Each structure stands twice: as structure tokens, then as C-alpha cells.
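Undergrad: First the structure, then my questions, so here it is.
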Amino acid sequence: MDMIPFNRAGALGRERELMAEALARGSILGDGPFGKRCEALLEECTGAHRALLTTSCTHALEMAALLLDIRPGDEVVVPSFTFVSAANAFVLRGATPVFAEIRGDTLNLDERLLPPLLTERTRAVVAVHYGGVACEMDTILAAAGKAGVPVVEDAAHALFGGYRGRPLGTLGALGALSFHETKNFSCGEGGALLLNDGSFVGRAEILREKGTDRSRFWRGEVDKYTWRDVGSSWVLSDLSAAFLLGQLEQHERVQARRRALWERYRAALADWAARHGVSLPHIPGDCAPAWHLFHLLLPDAAARAAFLAHMHAGGIAAVFHYLPLHTSPMGARFGGRAGILPVTESVAARIARLPFYTLMTDDEQDRVIARVLDFAP
């Protein structure tokens, strides 16, 4: 029997047609017509002041660190249960990550524990919307605002998710999106930076274009372009943008299908989970999720190991997720150690993610569900 993968990428709409059109133009440089159409669509759907496509979400976060003028000696609060880029982007500028605890229900930064982490050295708070479910942003923004600190939303999982009627990625000063292969919308590797304050736009364009004012040159605002600032090559190829546009054009259909898959998992597994002490994803009433993933929290690490082995033996690629940053070799260099964030450590040892992708068929999901129901921790 064929293995059911954790993720499967594929065309969702006009990707091939749009890529052929990009090639026919004879130029696939970044900041081309397809990139601009993607950015316009993102701005329309999110209400962001400006969206800039980037080569990855990691690079969007690195741009955010530069825009916030992060320097050696600064501190940036980041949840330990997240992908390394959320910390690395700021470490690259010389900052010290201050690892924050997560909530046991949403697996997001625990807003109740944030205020004591904010010091005179804090220069940013990174709010990661795990699985596309919003952090408690009003509380986080209030605490950060009181300390005079901007919030960066890591919305890698969260495009088209919302919090109290507001799109995720647009509540903080800056928001970072991912178009990696595993995300709801993908071009293989890609990302975007959402600028929610117009004062960032001019410099952001320069940073993304190797530190030059090339974007102004292409718009005819200057007669030549030159080196203006630090920067790097973070502009997404128009060929990748053409593929991405084909995906984004299908956003309503994609989100509806992913919601149906998510809700089907939930309904089928609820009784099994209750009998065996397994927690299913939690969505607060004021959150509109992005339907990015479906996870289980097994009773303990041994149960998780047995569950993953059971799924793989049945031809199903269930996987774990993040290893805590504070217990990693790099995290130890910043004072991290086991035992300081018990919820993060417990979750990381118990979490398992089920196969979840837009092109998943009902038959594939039925196989996954049947295999899960056949497991007893």
C-alpha cells in the first residue's frame, strides 16, 4: 500500500498557465508583474498597508529585524516552541532571544507570562500564531505597547486566519508570511512581509533590493539607482510568483477544503481522544483559524513514540513538531536549559501531526482516521 505523505504539493488552479505566461514574457526577474499581482491580492485580502514578497518567511523576519534596528545587546521575546527562524532573524543582528512559555491549549505564547519578560533592553516581541490559530493579540499588544515595544507577527501558518475580526499578520507593526511547500499556499520556497505602518515602506524596499533604491528606479522616480543602506537579495522570482498567484487565486476554495478536512478529523477522532486522554486542537471563540494543520497531544512521550511508529507501520507519515529552542545547543548559549519552560517541554515531547494537505482525498483521510482509531496509548 502506498505511503500517505505528511504533505503533498501540487497545482491548485492556473499555476502552469501563469508560469508559461511568465516565461513567454522573456523576463522572470523579481518585482515583475506576477509578483505585483500577488502583493496586490495580499493587500486586498489582509488590509495590510503594503505587502512585499520575499524569498522566504525567514527572510521576511530578517527584514523585520533590520527595519526595527535590532542591535547587539537588545533582547527579543520569542516563544521557545517555534521554528528557529523566529529567533535566528534577531540573533543575526546581535540580539539575545528571551524564550517565552506557551499556553497548553493553543500552543501559542502565554500572554499572561509576557509582562515580566519585558525589560529596558527589550526591542521586540514575536507573536507566533501556531497552526494558524491566533495568539491573544489584544493582551500581547497592550503589554508590548505599555513597554514601548513593537510586536512582530510570525504568521507563517496563519494567512487568512483572524482574531476578533482582524486578519492575522496585520495586528502588529510587521507580519511575516510563508509560502513554503508545507503551507496552505506555496511556491516551493517563498514568503512575504506585511508592513502595517507606512513609515516602513521606503526602507523595506531598499533592504529587499540589496540595499539599493532600485524599486524607485523601476517606477521612474529616480534616473539611476545606487547603494543606500544595508540589505540583501530577498526579491522573489516572477516565475515563482506566477505559481504563487495561481495558488492565491484559489484561496476561498483552498480554505474551504482545508476546513472540511480539519473538521472531519475532529469529528471522527473526538470520542477516541476523550477515551485515551489525547488532546485535540483548541480554537478560542474569538479566533478564525487558517486551517493549517491538525495535531494530537498524546498522554506522554512514550505514547507519542508508539503512536508515530504505529502510524508509519500502517503506511502513514505522521510526524512530531518543534524541538524547544531553549533546550537546543544554540539556545543554551543564551541561558536556555531544560526545566525552565515546562509546558513547552511537555508539548514538544507529546505532539504528533497528522497528514494534512489541500489535495488530500477523502479515501486518504479515511485511511489515516482508521489507523488512528486502531491505536490505544
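The values are calculated or read from the model by the stated rules, or taken from the named source; none is laboratory data. Computed from a prediction, not measured in an experiment: that's the story for all the values here. Because the Cβ atoms are built from the backbone with ideal geometry, glycine has one as well, and the counts that use them run over all protein chains shown.
Undergrad: Looking at the stretch 19-38, which of the residues that are surrounded by fewer than 20 Cβ atoms within 10 Å (Cβ to Cβ) and assigned to a helix (DSSP H, G or I) is modelled with the lowest pLDDT?
TA: 25
For (1) in contact with a Phe, Trp or Tyr (Cβ under 8 Å, 6 or more places away or on another chain); (2) farther than 26 Å from residue 25 by Cα; (3) crowded, with 20+ Cβ neighbours inside 10 Å; (4) free of Cβ contacts under 8 Å to residues at least 60 places away in the same chain, each residue gets a yes or a no:
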site: 156; (1), (2), (3), (4): yes, yes, yes, no
site: 159; (1), (2), (3), (4): yes, yes, yes, no
site: 167; (1), (2), (3), (4): yes, yes, yes, no
site: 174; (1), (2), (3), (4): yes, yes, yes, no
site: 190; (1), (2), (3), (4): yes, no, yes, no
site: 212; (1), (2), (3), (4): yes, no, no, yes
site: 257; (1), (2), (3), (4): no, yes, no, no
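Undergrad: State all residues of the stretch 322-361 that are under 25 Å from residue 256 (Cα atoms) and in contact (Cβ under 8 Å) with a residue 60 or more places away in the chain; if no residue qualifies, say none.
TA: The answer is 353, 354, 355, 356, 357, 358, 359, 360.
One line per residue, one yes/no per condition, for (1) part of a strand (DSSP E or B); (2) assigned by TED's automatic domain parsing to the domain that holds residue 186; (3) modelled with pLDDT of 95 or more; (4) not charged (D, E, K, R):
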| site | (1), (2), (3), (4) |
| --- | --- |
| 292 | no, no, yes, yes |
| 296 | yes, no, yes, yes |
| 339 | no, no, yes, yes |
| 359 | no, no, yes, yes |
| 364 | no, no, yes, no |
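Undergrad: On the basis of being surrounded by fewer than 24 Cβ atoms within 10 Å (Cβ to Cβ), out of contact with any Gly (no Cβ under 9 Å at 6 or more places or on another chain) and either among the charged types (D, E, K, R) or at pLDDT below 95 (or both), does residue 69 make the cut?
TA: Considered against the rule, which asks whether it is surrounded by fewer than 24 Cβ atoms within 10 Å (Cβ to Cβ), out of contact with any Gly (no Cβ under 9 Å at 6 or more places or on another chain) and either among the charged types (D, E, K, R) or at pLDDT below 95 (or both), residue 69 comes out as yes.
Undergrad: Restricting attention to the stretch 145-161, which residues are within 10 Å of residue 173 (Cα to Cα), outside any loop (DSSP other than H, G, I, E, B) and of a type outside the set (A, V, I, L, M)?
TA: 153
Undergrad: The conditions are (1) surrounded by 24 or more Cβ atoms within 10 Å (Cβ to Cβ); (2) of a type outside the set (Ser, Thr, Tyr); (3) in a loop (DSSP other than H, G, I, E, B); (4) more than 16 Å from the chain's Cα centre (by Cα), and residue 76 fails exactly one of them. Which is it?
TA: (3)
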